[in-house]
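Colleague: After the structure tokens below, expect a handful of questions from me.
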Amino acid sequence: MATTAHAHPAAKTYWLVGLGLAVLTAFEIATPYTDMLDPVRAPLLIAMGLAKFVIVAAVFMHLKYDLKGYRWVFSIAVAGALLVFAVVLAVFQAL
Amino acid sequence: MVIASDGIFEEEHDFESTGDPIHRTRKTAMWVWLGSESFFFGAMISTFLLYRHTTGAGPGAEIFSIPFTSASTFVLLMSSMTMVLADNAFQRSDQRQGRIWLGGTTLLGLTFIAGQIFEFTEFVHGGLKMSTSPFGSSFYMLTGFHGLHVAGGVLMLAMLIAFSLRGRLSPDRGMNVELVALYWHFVDIVWIVIFTVVYLLQI
């Protein structure tokens, strides 16, 4: 496990990331109302939600720049939560 | 702590570069707690998905107003940006700028809560109560607990502003802002998941 941390970005980077997230949210909101996207609606929404999740965690929460240990702690927790999610839905045959 | 031409701080956080074990331990504890919160919300979202079609005689997902919730989502997302800018300002020891961004984040958080109260009121008038159906129970439990987390965050933000005004947020205490920021961003990413899974995928 690495113990070194990298420098955090400057305010300009946060503004650009914020703008990107706003654009992504606009696409996300438009997707359910765009008929031609109906066949790929669910995977597209999940992909965009996942992208926003990763961007906020990596840049705003500094996981990209901080100690790798934090990244591991959070990744393991999220993976565990997803496992619980899948097991619960599978047990109740809701998947 | 100077901003270099490539837009990156030349120095790391003091607590990182010095390897202060207390700061590192507090931050690790925060991440572990956020990890446990992931399980909490994961279980809540699973429960909602299990009961999403169990609406009984009451309304289901058709009651959602996507344009309204989209606006709330945008507000919360932007509050994450103002929070990171506040954190950035305090790292640069710019207390005034930090307070402005903290104030903005607080206002956006309050706007989100107000929107949620309005939304809940509309749903209750539309016939969706906690006791109406398993769908209603799981929906209100999930979004209500998330709303409580936002309210807790707003309280912490208000305390940070008060500390800063009293001069109790010196650079060596900048970690407090970073920990609250981590919490706030976590609440935001949980909402990103809720908005996608509970609202957008159900219409």
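Colleague: Just one of A:Ile46, A:Ile29 is within 22 Å of B:His53 (Cβ to Cβ) and without any contact (Cβ under 8 Å) to a residue 60 or more places away in the chain; which is it? Give the steps one after another, and end with the answer.
Modeller: Values: A:Ile29 fails: within 22 Å of B:His53 (Cβ to Cβ).
When all the criteria are applied, what remains is A:Ile46.
Colleague: Test B:Pro59 against the criterion of being assigned to a helix (DSSP H, G or I) and surrounded by fewer than 19 Cβ atoms within 10 Å (Cβ to Cβ), and give yes or no.
Modeller: no
Colleague: Looking at B:Ser80, is it surrounded by fewer than 23 Cβ atoms within 10 Å (Cβ to Cβ) and hydroxyl-bearing (Ser, Thr, Tyr)? Before you say what the answer is, go through the steps one by one.
Modeller: Details: surrounded by fewer than 23 Cβ atoms within 10 Å (Cβ to Cβ): no; hydroxyl-bearing (Ser, Thr, Tyr): yes.
Answer is no for this residue.
Colleague: Filter the stretch B:29-56 for residues that are surrounded by fewer than 19 Cβ atoms within 10 Å (Cβ to Cβ) and of a type in the set (Phe, Trp, Tyr) and give the result.
Modeller: The answer is B:Trp33, B:Phe39, B:Phe40, B:Tyr51.
Colleague: Would you point out which residue out of B:Thr105, B:Thr111 is in a helix (DSSP H, G or I), farther than 21 Å from B:Glu37 by Cβ and under 13 Å from the mean Cα position of the chain (by Cα)?
Modeller: Only one candidate passes the filter, namely B:Thr111.
Quick note: the coordinates plus some simple rules give every number you see, no bench work behind them. Quick caveat, the model's predicted, so the values are computed rather than measured. Glycine also receives a Cβ, built like all others from the backbone with ideal geometry; neighbour counts cover every protein chain displayed.
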